[in-house]
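These notes concern the structure reproduced below.
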Amino acid sequence: MISAPPPRSPDTSAAPPSPPPAGLRGLLAGAGYLLRGQRWVLGHGRWFGFGLLPALITLVIYAAALLALAFWADDLAAWATPFADDWESPWPELLRGVFAVLLWLGVLLLAALTFTAVALLVGDPFYEKLSEQVELSEGECPEGEDLPLWRELWISLRDSCYVLYRAALWGVPLFALGFVPFVGQTVVPVLGFCVSGFFLTLELASVAMQRRGIDVRERQRVLREFRAAALGFGVPLVLAFLLPVVAVVLMPGAVAGAVLLVRAMVDDGAAAEVAE
């Protein structure tokens, strides 16, 4: 016979949040955490400005890279399709035009995902402090490992490479399917935004989840359990991040919102098996 557990002492801390629901309500809940994060940084102006600096530095790097791509897109399309040189007009131009557009869209989606990874890497000390303040404002902040800065940067870089690798496993087939008539112009872009949104949420959640000792593979498992909320949080960000200036402005609030989302997914015990 299993004995009853001993009575628990009263908890004077803030009540843990409810886990995000599934389905349409989960999508709305994820978007709600994103909005709450934006409201949090706007209500704490000092931390909003604190979180802008890494995003601004990253924006300058990405703007230069995207301008270079725009300048060389036609040449890259011609280089990648030498077999079309002997085709009758207008088929070579049509093929290379489609290739250039898909390349641009693919790089833009990749930029939306990697922008966060690079910004988090550049601003690791900034976003760590920002996320700590959000945690404290919601009750308490879990004590993470006391690691030297170089070690934290190495872990962030390693985890970001893993996330990009997993995203590429989806992105490459989707890029190829983009050449399929009708499907490539309708279904594939939607799937691309969903994939990018999921992995963008995974990247943003890394700060709070790493503090809780959850490694990157388990983070992915937790987000799959709350897939609807992850998409509701990440897809609007991907769409917004297509505009570089918007990405800079939203980045501090995205970090804050991801902390709130992680607290809802993990701290209520719904994903407690992750720590086992």
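Numbers at a glance
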quantity	calculated
Residue check for residue 143: surrounded by fewer than 14 Cβ atoms within 10 Å (Cβ to Cβ) and either touching a helix residue (DSSP H, G or I) at 6+ places or on another chain (Cβ under 7 Å) or modelled with pLDDT under 80 (or both)	yes
Subset of the stretch 186-212 [aromatic (Phe, Trp, Tyr) and either outside any helix (DSSP H, G or I) or surrounded by fewer than 21 Cβ atoms within 10 Å (Cβ to Cβ) (or both)]	193
Those residues of the stretch 64-98 which are polar (S, T, N, Q) and surrounded by fewer than 10 Cβ atoms within 10 Å (Cβ to Cβ), in sequence order	89
Single residue of the stretch 220-233 satisfying the filter (more than 12 Å from the chain's Cα centre (by Cα) and assigned to a helix (DSSP H, G or I)) that is surrounded by the fewest Cβ atoms within 10 Å (Cβ to Cβ)	224
The lone exception for residue 165 - which of (1) touching a residue at least 40 places away in the same chain (Cβ under 8 Å); (2) within 25 Å of residue 234 (Cβ to Cβ) it fails	(1)
Test: residue in the stretch 262-276 that is in contact with an Asp or Glu (Cβ under 8 Å, 6 or more places away or on another chain), open to solvent by 20 Å² or more (accessible area, probe 1.4 Å) and charged (D, E, K, R)	yes
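Conditions tested, residue by residue: (1) over 18 Å from residue 33 (Cα atoms); (2) modelled with pLDDT of 90 or more.
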{"residue": "207", "(1), (2)": "no, no"}
{"residue": "222", "(1), (2)": "no, yes"}
{"residue": "226", "(1), (2)": "no, yes"}
{"residue": "241", "(1), (2)": "no, no"}
{"residue": "259", "(1), (2)": "no, yes"}
{"residue": "276", "(1), (2)": "yes, no"}
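Okay, residues lined up against (1) closer than 19 Å to residue 257 by Cα; (2) at pLDDT below 80; (3) part of a helix (DSSP H, G or I):
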| site | (1), (2), (3) |
| --- | --- |
| 41 | yes, no, yes |
| 54 | yes, no, yes |
| 59 | no, no, yes |
| 62 | no, no, yes |
| 67 | no, no, yes |
| 70 | no, yes, yes |
| 78 | no, yes, yes |
| 106 | no, yes, yes |
| 116 | yes, yes, yes |
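The values are calculated or read from the model by the stated rules, or taken from the named source; none is laboratory data. These numbers come from a predicted model, not from an experiment. Heads up, the Cβs are rebuilt from the backbone with ideal geometry, glycines too, and the neighbour counts pull from every protein chain shown. Note: accessible area is taken over every heavy atom of the protein model, side chains too, but ligands, DNA and RNA are not part of it. Shrake-Rupley method; radii C 1.70, N 1.55, O 1.52, S 1.80 Å.
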